[in-house]
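These notes concern the structure reproduced below.
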């Protein structure tokens, strides 16, 4: 006798969540880029995503996103956005926003993109210490093993990804002896250290060039420093550039240098340099060694070791070993990272049901 067909079971509803990132487009930075990439990746995986932010839109901005973006100006607007979704993923722990979500009984996942410490601040009682203590009451995801060491317990670590649709090698020739810096021109990024190392290298090799991509409060000081070091004619200050232009510029450079003197939570720019086909030199600060995964050069943040490594790269030395590098980059593509977040969120929900 033929067995009856089992009844069709409706698939579970697609996951529904709110991503809250206080900074977002048109602001530019690592957290803004992370929020945009995570929201895009989860949307592509079938999640119903809304992104809420406190960053106002630019008057002339016509950017479109594959998910709704809600720009909140006050607590009532944020509360309404929170109540539309059972789950909230925070890009960084913003104290009062997380408290509001807790009071509204939302499920909460915190993603951490810094140690909540200000560079050079060694005080014992700070808002950052309070945030780190507060994190123990929520599910936590850190972007590096280095950063996980700042938080209590054993937070999950998921490395950041990069825009694999933009950052890729070019078929064109790279300019020999070309070095690049990409980042905000602030003290902790170490652009002045790079200039001093570059000037020393140029005393040995005159056929080199440095392109500084970025803007910030140190811009005028760095231009003056290049003149003082007598290497201004070999340095181009390109200013801030959109991601597509940065990708195109890196695809023409021989080496990207990330000379941070402050501890970086991870270092997406190092990944982007690897993906664009550059040799990459990073300092031994924070999560930067994790960002190059053994396929870049890791040095102490000082003039001599940085200059020596740049000289080795100029002479043709390389850390870009295949096929390991291809696998490393594939493991950090935007969709791969979004899938890891989806798996983590599902795992957190399962833990909640078991309690």
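The values are calculated or read from the model by the stated rules, or taken from the named source; none is laboratory data. Owing to the predicted nature of the structure, the values given are computational and were not obtained by experimental measurement. Note: ideal-geometry Cβ built from the backbone for every residue, glycine included; neighbour counts use all protein chains shown.
Considering only residues that are in contact with a strand residue (DSSP E or B) (Cβ under 9 Å, 6 or more places away or on another chain) and closer than 16 Å to residue 80 by Cβ, look in region 93-103 and name the one that is surrounded by the fewest Cβ atoms within 10 Å (Cβ to Cβ).
So in region 93-103, the residues in contact with a strand residue (DSSP E or B) (Cβ under 9 Å, 6 or more places away or on another chain) come out as 93-94, 97-98, 101-102.
Still in the list and also closer than 16 Å to residue 80 by Cβ: 97, 101.
Working: 97: 20, 101: 25.
So, considering only residues that are in contact with a strand residue (DSSP E or B) (Cβ under 9 Å, 6 or more places away or on another chain) and closer than 16 Å to residue 80 by Cβ, the one surrounded by the fewest Cβ atoms within 10 Å (Cβ to Cβ) is 97.
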ask   = Inside region 187-301, counting only helices (runs of 4 or more DSSP H) that do not spill past its ends, which hold 2 or more residues that are surrounded by fewer than 19 Cβ atoms within 10 Å (Cβ to Cβ) and under 19 Å from the mean Cα position of the chain (by Cα)?
value = 243-250
task = Kindly provide the set of residues from region 169-182 that are modelled with pLDDT of 95 or more and either part of a loop (DSSP other than H, G, I, E, B) or within 17 Å of the chain's Cα centre (by Cα) (or both), ordered by number.
result = 181, 182
key: Long-range neighbours under 6 Å by Cβ, at least six apart or interchain, first residue on the phi < 0 side of the Ramachandran plot within region 327-355, second assigned to a helix (DSSP H, G or I) and at pLDDT 90 or above   = 329/275; 332/271; 334/37; 334/41; 335/41; 338/41; 338/42
key: Selection status of residue 146, assigned to a helix (DSSP H, G or I) and under 16 Å from the mean Cα position of the chain (by Cα)   = yes
query = So residue 19 fits all but one of (1) surrounded by 23 or more Cβ atoms within 10 Å (Cβ to Cβ); (2) at pLDDT below 95; what number is the exception?
reply = (2)
